[in-house]
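As structure tokens, the structure follows; a few thoughts come after it.
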Amino acid sequence: MLLVAAGSSSTASQVYPGLAGFLVVAGMGVAVYFLFRSMNKQLKKISPDAPGTPGRPGAAGGRRAARAAATARRAEGGPGTAGTGGAAVSGPDGPAGT
């Protein structure tokens, strides 16, 4: 009896997604459209000179480069060093007044 009921059901090649499948796929397409639109709006708000951009002063690599340049200037006695005036250097080398 059970075999007869299983034999009369449709096979996998006769099953179609129908309206429900179309609505799910169409809904996902609409959601992706609005997500990309929102992402583009957010990305346009970011300026190219934002802190943390690689290679810019504000990024970790930029700080290392700034410190290396300041160390080289200090070794040469150039501007940005304490020099003969005794003024402390402010910025990446240390706080002013120390």
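Please treat every number below as a calculation from the coordinates, not as lab data. The structure presented is a predicted model; accordingly, all values stated were derived computationally and were not measured. No Cβ is skipped: glycine too gets one built from the backbone with ideal geometry, and neighbour counts run over all protein chains shown.
Apply the Karplus parameterisation 6.51 cos²θ - 1.76 cosθ + 1.60, with θ equal to phi minus 60°, to every residue of segment 27-36 and state each ³J(HN,Hα) to the nearest whole Hz, in sequence, with x for glycine and proline.
x, 5, x, 5, 4, 5, 4, 5, 5, 5
Taking the beta-carbon count within 10 Å as an exposure proxy, list 37, 67 from fewest neighbours to most. Walk me through the intermediate numbers first.
On the way: 37 9, 67 13.
Placing the least packed residue first, the sequence is 37, 67.
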